[in-house]
Amino acid sequence: MLKYIVRRLIGAIPVLIGLSIILFLFVRLLPGDPAIAILGQHATPALILQVHQSLGLDLPIWVQYIDYVGGLLHGDFGASFINGRPVLEDFLLRFPATIELTVAALIFAVGLGIPLGRLAARHPNGWIDGIVTVISLFGISVPIFVLGYTMVFIFAVQLHWLPATSQIDARLQLPLVTNFVVIDAILAGRPDALVDALKHLVLPAIALGSIPFAIITRITRASVLDVTNEDYVRTARAKGLTEKRVDSRHIMRNAWLPVTTIIGLEVGGLLGGAVITETVFSWNGVGSWVVDAIQNHDYFVVQSSILIFALIFLVVNLVVDIGYAFLNPRIRYA
Amino acid sequence: MTVGAASISRPVRERASRGLWRDAGRRLLRNGPAIVGLVCILIFVVGALLAPVLSSYDPSVGKLVDRMKPPSPAHLMGTDLLGRDEFARVLYGARLSLQLGTISVVFGLFFGIVIGAAAGGLGGKVDALLMRIVDVLLAIPGILLAIGIVAWLGRGQIQIMLAVGVSYTPIFARLLRGSLLALREADFVLAGRSIGASRLRLLVRHMLPNALTPLIVQATLALATAIIDVAGLGFLGLGPGDPRVAEWGEMLTDSARFLQSAPYLIFFPAAAIVISAIGFNLVGDGLREALDPRLRR
């Protein structure tokens, strides 16, 4: 097992190096001068040169790359062109909000997707299966922003059941310690703030979780159906085992494998989707921050946040793969 | 038990095969959901082609006196803030969305096939290098990659197609490589090699045609996500940015503030995106089942 983990960790190194090169070259080689982004179109050549020197853009490109990677290894992800604040600091400030949203979306997607997929697989081609199939078809076909606005219109504007924007009612004046609003509400011992924070999470989490929910439902259904037709399941039933035992010990244990892989892959999609969800719901996370950075041509923020996103995605996939190897011993020896 | 017996006897009763694609086409046309999907797509294709016939309004020009009118016989889907006819904008938007979505996927397919074929066909160091590049691209969430590319290249139709296309490239490349690797040891490839066929000939004439099936299914499904991604870029303010053309995602962003007063301005472009995505998803699923009947249950 340890050997497998080490092999996977070593395998991630070239990907990280490649990623840093691609992102670095993107910012340097594509049209648009960062100095002009900072100074505006009417900057004088002298001022542009000065900015180039202060950002190290006048050095040979390979020196710039080594400086950049050296910085990364020391946790220096550069600073925003616009306000001069370190990228990592701002990222960490906003990241809890994104984690909260992503985790809530994942709980929704897994918590609803797996039972629905199992239910559909138990009655293949019946009316329940039909309804589940239609729901999951809508899940993958309705864009996050369309679902987001529809839910805001129904549940916030018309019915006034749930709030439409932000993470918590500012009037509650919850002191932020960890920046995870839900955790801060618990730490402060404020049930009113906790309920309010959870209410704020519902709509964004459903919007963001809709696509992974649909995919997890489909994969669970297909995977359970696949296993149900295996010989060993028939043998288990023939031995006279209870249906519950067949389901838990023989079907689900094997059906979990593809489902786990998909859940891991969907985390990347969730991080990407957070960009759009946070914009719809004015959620103060990393996603809306990246969109602002793009609109302001704040290259370092865009470059570093994509790098951090990719890093998280790689780590999550590594954890999933290790979990997968743990669940399925065949992988370890492959 | 009866299921097993039926599946064993079926091949005997089935008529002689008329070729993979013909058989698949027949199966596709017998698949109810796929037909619904084809109809959805057809509605938009016809709407896009006949836009000037179906609507007499110019999608980019409006009368300010007609602004924010709810749906009526004169304006079937109402008018927007600038008095432009919403129906005309949805129709012309179909043109743009279908075009951007399709060409993005074609871009992705082209790069994906070149990379996947080189990796799976040549193997060795080329394979290792190309797959590391693919790994890097796969590590960035697709929409984020597309956002990044448009942010750097600037707004515009070609930039959008390139951005969305590049975000699909690693998926197609990896899929094709996997199929090619599986085919490498197939009997017909070994037979070809044994009579002295060159590597290139084996790859292009024998392996590629047999490896394209999963790619075509994936590409059809990708059309659905491409339309959503293009609209998503428009929604984030990274659309074509050309006031002369209507784009569904941009139409949504422009109308978001009128959610309460004029929900129809959001409803129609949103419905257009959803229906076209459903269409491509249903056809993609149908195609997958038609090409691999074992998947049908």
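Condition check ((1) of a type in the set (D, E, K, R); (2) outside any loop (DSSP other than H, G, I, E, B)) across all residues:
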position: A:Ala105; (1), (2): no, yes
position: A:Ala109; (1), (2): no, yes
position: A:Gly113; (1), (2): no, yes
position: A:Asp129; (1), (2): yes, yes
position: A:Phe138; (1), (2): no, yes
position: A:Phe145; (1), (2): no, yes
position: A:His160; (1), (2): no, no
position: A:Val177; (1), (2): no, no
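Pairs are defined by a Cβ separation below 7 Å, a sequence spacing of at least 6 or placement on different chains, a first member in the stretch A:42-58 that is in contact (Cβ under 8 Å) with a residue 40 or more places away in the chain, and a second member that is part of a helix (DSSP H, G or I) and surrounded by 12 or more Cβ atoms within 10 Å (Cβ to Cβ); no pair meets this definition. Here B:Asp229 clears all of (1) over 30 Å from B:Gly78 (Cβ atoms); (2) among the acidic types (Asp, Glu); (3) buried (at least 17 other Cβ atoms within 10 Å of the Cβ) except the condition numbered (1). In a residue-by-residue description of the stretch B:116-131, the property of being at positive phi and more than 10 Å from chain A (Cβ to nearest Cβ) applies to at least one position.
Scanning the stretch A:264-279 for residues that are crowded, with 22+ Cβ neighbours inside 10 Å and either over 16 Å from the mean Cα position of the chain (by Cα) or farther than 27 Å from A:Phe155 by Cβ (or both) yields a single hit, A:Gly268. Restricting attention to the stretch B:179-237, the residues being of a type outside the set (A, V, I, L, M, F, W, C), farther than 20 Å from B:Trp21 by Cβ and within 14 Å of chain A (Cβ to nearest Cβ) number 5. Identify, by number, the condition in (1) surrounded by fewer than 14 Cβ atoms within 10 Å (Cβ to Cβ); (2) within 12 Å of chain B (Cβ to nearest Cβ); (3) more than 30 Å from A:Lys244 (Cβ to Cβ) that A:Val152 doesn't meet. Looking at each condition in turn, A:Val152 falls short on (1). Within the stretch B:238-273, being facing another protein chain (nearest Cβ under 9 Å), over 17 Å from B:Leu96 (Cβ atoms) and among the hydrophobic types (A, V, I, L, M, F, W, C) holds for B:Ala256, B:Leu259, B:Ile266, B:Phe267.
Count of the stretch A:113-128 residues, restricted to those that are more than 25 Å from the chain's Cα centre (by Cα), surrounded by fewer than 19 Cβ atoms within 10 Å (Cβ to Cβ) and more than 9 Å from chain B (Cβ to nearest Cβ), is 6. Filtering B:Ala256, B:Ala231, B:Ala197 for residues that are outside any helix (DSSP H, G or I) and touching a helix residue (DSSP H, G or I) at 6+ places or on another chain (Cβ under 8 Å) leaves a single hit, B:Ala197.
Of all residues in the stretch A:251-273, those satisfying the criterion of being at the interface with chain B (Cβ under 9 Å from one of its Cβ atoms) and of a type in the set (Gly, Ala, Ser) are A:Gly268, A:Gly269, A:Gly272, A:Gly273. Here A:Ile140 clears all of (1) β-branched (Val, Ile, Thr); (2) surrounded by 15 or more Cβ atoms within 10 Å (Cβ to Cβ); (3) in contact with a Leu (Cβ under 8 Å, 6 or more places away or on another chain) except the condition numbered (3). Hey, among the residues in the stretch B:234-253 that are in contact with a Pro (Cβ under 6 Å, 6 or more places away or on another chain) and part of a helix (DSSP H, G or I), which one's surrounded by the fewest Cβ atoms within 10 Å (Cβ to Cβ)? Only one residue fits best here, namely B:Leu252.
Where a number appears in this text, it was derived from the coordinates with a stated rule and is not lab data. The model shown is predicted, which means the values in this text are computed figures rather than measured ones. Here the Cβ is made from the backbone with ideal geometry for all residues, glycine too, and neighbour counts use every protein chain on show.
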